[in-house]
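For reference, the structure discussed in these notes is given below.
Each reported figure results from applying straightforward, stated rules to the coordinates on display, with no laboratory input. No experiment lies behind these values; they were computed from the predicted model shown. Backbone-built Cβ (ideal geometry, glycine too); neighbour counts: all protein chains shown.
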Amino acid sequence: MRRSHLSLSAAIVLAMALGLVVGPLLGADAAPLGELGKLVIQLIKAVATPLIYFVIVHAVLTTEIGGLGARRLVGFAMANATFALAIGLLLSNLIHPGGHLAAAVAVKPEDLAAYAGKKVELMKTLASYVPTSWVGPFADNLVISIVGMALLTGFGLRRVRADQIAAGHQGYRVIEEGIATILGTLEVVLHWVVMAVPLAVFGVVAKTVGETGFRPLIGLGWYVGVGLLGLLLHVVVTYQVWLVLWVRMPLARFWAAAREPVIYALGANSSLATLPVTLKALDKLGISRASSTLGACVGTNLNNDGILLYEGMAVLFVAQANGIVLTLPQQLSAAASCMVAAAGVAGVPEAGFISLALVLNTVGLPIELLPLLLTVDWVIARGRSAVNVLSDMMLSILIEGRAPGTA
C-alpha cells in the first residue's frame, strides 16, 4: 500500500488552520504555545551558523574558476544582487508595511534606545566583524565574521592542497572528505529542524490570535504582498532590461524556455532541485554548457536574488514593526549583512528565512517577530525560489555575453 505524506507547505497550512481555531478557544492561555516558535528559531540559528561556515569552506576548496568567465560571474551577480536589495529596501521605505503589524508587537524601550540616533562608523563596524576568538562568532551567530573565517580557512586549505599535490602527497583528501561529511550531516540536521516548522506555526498562530485577535493577519498580508511585489518588479524590470538592452534576446523566446523551470520551482520550492530543468531550458536558448554550468551551478553561492530582495524588505519590516527607524547608513550596513548571509546558505532548506534570522541577529534587530513571520514564509518562499531560478538563467546568459543566433 502506498503511503502518502503531507508536503511541508500543506502541513504549514493545516497548522495555521488549527492555530486559528485553538487560539480563540484558549484566549490568553494560549501564550505558552508561542514558545514553540522561539524554540524552532533557536534551533535554526544553532544549526545554520556552522552550516554556513562549512558550505563556504567546501565551496572555496572545491570550486575552480578563472579568467573572463569568473569576472563576468562576479560582476553580473553583484550587479543583480545590488538591484534586488535596492528594490527590497525601496519598497519597504515607500510602503512602510511593518507599520501594519506594530500593534501586535510589544516594543521594548531598550530596543528603541539602541537605535535612536545611532551612527554607523565604518572602521568601528569593520572592527566589530573581526573576531577575538574562533568560537565567539559561532556562539553569537555573527554571520559576517563566520563568512570571513570560512574564507580564510578555505583559501588556507587550497594552499595546503596545492603544496601537497606538488610534493606528491594526498593527505588533503582526508580533510576534503571530512568537510563534505560534516556539511552533509548539518544539512540533514537542518532538514529535520525545518520539519518542525508546522508545530512552531501552530503555536505562534494560536498565541497571536488568542492574545490579540485576528488583527495581526492584516499586517502579515502586507508583509507577503510587499515581498511578492518586490520579486515581481525585479523580474519584470531588472531581468527584462538586461534581456532587451544588453543581451538583445527576444522576451518571447526567453519566457518560452523559462516557463517550465519557473513552474517547477514554484512547486518544488527549491532552485537547487530545479537545477536540471534550468540547465535544459538554457540548452534550448543555445547557451553553452560552460556558461550555464558556471552561472547556474558554480555561481549558486553568489546568485540568490530572490533571497536578497526578500531580506532587504524583511529587515526593514521587522524594524518598522518594532518602531525602530533605521538611517540610510544603518540600512546599507544591514544590506551588506544580507549579501554575505545569502552567499552562505545557497541550497539549504528555507534558506531565505534562515539567513534572515542570522542577519537580524548580526545587525542587532529584535528577533521576537520571526516566529510570526514564519507562519506565512511558505508563500514568499515559492516566489524566492522562482526568482532564484530566473537569476540562475540570467547570470548564465550574461556570462555567455550575447544572444545565440543574433548579431
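What to note about this one:
- For the range 212-219, 3J(HN,Hα) computed residue by residue from phi via the Karplus equation (6.51, -1.76, 1.60; θ = phi - 60°) reads 10, x, 8, 4, x, 4, 5, x Hz, glycine and proline entered as x.
- Among the lysines of the range 8-400, pairs that are 8 or more positions apart or on different chains and have alpha carbons within less than 26 Å of each other number 9.
- Computed per residue of the chain from DSSP H runs no shorter than four, each worth -39500 (n - 2.57), the mean residue ellipticity at 222 nm is -23000 deg cm²/dmol.
- Net dipole in debye of the chain [+1 Lys, Arg Cβ; -1 Asp, Glu Cβ; about Cα centre; nearest 20]: 860
- The peptide list 42-51, 232-241, put in order of mean Cβ contacts within 10 Å with the highest first, becomes 42-51, 232-241.
- From least to most packed, judged by other beta carbons within 10 angstrom and beginning with the fewest, T153, T208 follow the order T153, T208.
- Positive-end residue of A256, H169, V363, charge dipole of the chain with Cβ unit charges: A256
- Among L26, L152, L89, L186, the ranking by other beta carbons within 10 Å of each residue's beta carbon, starting with the fewest, stands as L152, L26, L186, L89.
- Of M195, M394, the sequence from fewest to most neighbouring Cβ atoms within 10 angstrom is M195, M394.
- Which label in (1) 1.01; (2) 1.20; (3) 0.96 gives the computed Cα Rg over 2.2 N^0.38 Å: (1)
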